[in-house]
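Note sheet for the following structure.
The values are calculated or read from the model by the stated rules, or taken from the named source; none is laboratory data. Keep in mind the model is a prediction, meaning the values are calculated, not measured. Please note: Cβ atoms are built from the backbone with ideal geometry, for glycine as well, and neighbour counts cover all protein chains shown.
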Amino acid sequence: MARIVKFGTINMLTAGLFDGWISIGEIASRGEIGLGSFHALDGEMVMLDGEVFRMGTDAVPHPVDPTTTTPFAVVGAFETPESFELADCEDWDALATQLDARLVDPNRPAMIRIRGRFTRTRARSVPAQSKPYPSLGEVAAHQTVHELPAFEGTMVGFHFPEYLQAIDVVGWHLHVIDDDRRHGGHVLDVSIERATVTIEPVGGFEVLLPDDPAFREATLVADTHAEVQRAERG
Ligand SMILES: [Zn+2]
C-alpha cells in the first residue's frame, strides 16, 4: 500500500493558517507525487517525480525554488499500485464515479495518478493572500478559473474518506499539469478522452505540524466540510 506524508491539515487552512512553515525541498524528499499550496496560498502545487511546480493565477507552471515554503501539502510514493484505462469520461462527476468504483477500501485514503489526454479542463488557482488572512471561503470567492485547451498531461491527487475531514480534502482532490508545462492548476472539472489511472490504497500516513505561535493559538475545528466544499467548488 502507498505511504503518504501530510504537511499540515486542511482545518489549519480553514482557520486561516496560510503562512508557510516547511520548505519545498523538505517535502520533495518525502514522495514522488503530491499536491498542495504555497506560503500565503500563492498558487497551486503539483509534484511530479519529485519535481515541484507552482501555478499562479495565470495557470502557467513554474519550477519552485526548494527554499520556498508551504502551509499545506500531501506527498506520497506508490508501492504496488493497480492500473486501468479510462475512456470517454465526460466530466468531473463521471470521473469521480469511475474512480469511486476502484476504491477497494473506502475507509482508507487512496493515492492516484492519471496520465492521458484531457480535452477540456477547468482549473483554478488563487492569488497570494495578505494579512490579516481572510477565510478559505473568501479566498475561493476570488479564485481565478481557467478553461484550459486540450492537452496531454498528468493529474495527481488523493482521496480521503469523510471521517478524515479535519485532516484533508474529502473526496477526490486532483491537481493537473500538462506535458509541455504550459498549463495547470487545481482541477474543478475535466473531460478525458483516454487515460491510464494508477491507484493505490494508503496503508497509513504521517502528519507533520508546524511549531509556531499561530498554530499553538489557533482554534481548529473538526467539521470543515461545508467550508472546504465551498472553497473547492467555488
Ligand atoms: Zn487543490
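Odds and ends about this structure:
- Note on segment 27-56: residues that are part of a loop (DSSP other than H, G, I, E, B) and in contact with a Phe, Trp or Tyr (Cβ under 8 Å, 6 or more places away or on another chain) amount to 1.
- Scanning segment 161-189 for residues that are away from the ligand (no atom under 12 Å from the Cβ), out of contact with any Gly (no Cβ under 6 Å at 6 or more places or on another chain) and of a type outside the set (S, T, N, Q) turns up P161, E162, Y163, L164, A166, I167, V170, D180, R181, R182, H183, D189.
- Within segment 49-67, the set of residues being crowded, with 18+ Cβ neighbours inside 10 Å and in contact (Cβ under 8 Å) with a residue 24 or more places away in the chain comprises V52, F53, M55, G56, T57, A59, P61, V64.
- Restricting segment 196-215 to residues that are crowded, with 17+ Cβ neighbours inside 10 Å and of a type in the set (A, V, I, L, M), the residue that is farthest from F84 (Cα to Cα): V202
- Here D223, D189 are screened, and the one residue that is in contact (Cβ under 8 Å) with a residue 24 or more places away in the chain, over 25 Å from E32 (Cβ atoms) and in a strand (DSSP E or B) is D189.
Per-residue answers, yes or no, for (1) closer than 23 Å to G76 by Cα; (2) modelled with pLDDT under 95:
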| residue | (1), (2) |
| --- | --- |
| Y133 | no, yes |
| H146 | no, no |
| E152 | yes, no |
| H159 | yes, no |
| V176 | yes, no |
| R182 | no, no |
| G185 | yes, no |
| S191 | no, no |
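- In segment 133-149, the residues that are more than 17 Å from R122 (Cβ to Cβ) and surrounded by 14 or more Cβ atoms within 10 Å (Cβ to Cβ) form Cβ pairs under 7 Å with partners that are at pLDDT 90 or above and not aromatic (F, W, Y), at six or more places apart or across chains, as follows: Y133/G16; S135/G16; L136/L13; L136/T14; V139/L41; V139/V126; V139/Q129.
- Counted residues, segment 219-234 - those being more than 16 Å from the ligand (Cβ to nearest atom) and surrounded by 15 or more Cβ atoms within 10 Å (Cβ to Cβ): 0
- Hits in segment 76-106 (condition: farther than 21 Å from F205 by Cα, in contact (Cβ under 8 Å) with a residue 60 or more places away in the chain, acidic (D, E) and outside any loop (DSSP other than H, G, I, E, B)): E85, D88
- Selection count where residues are out of contact with any Asp or Glu (no Cβ under 7 Å at 6 or more places or on another chain) and under 13 Å from R108 (Cα atoms), scope segment 173-204: 3
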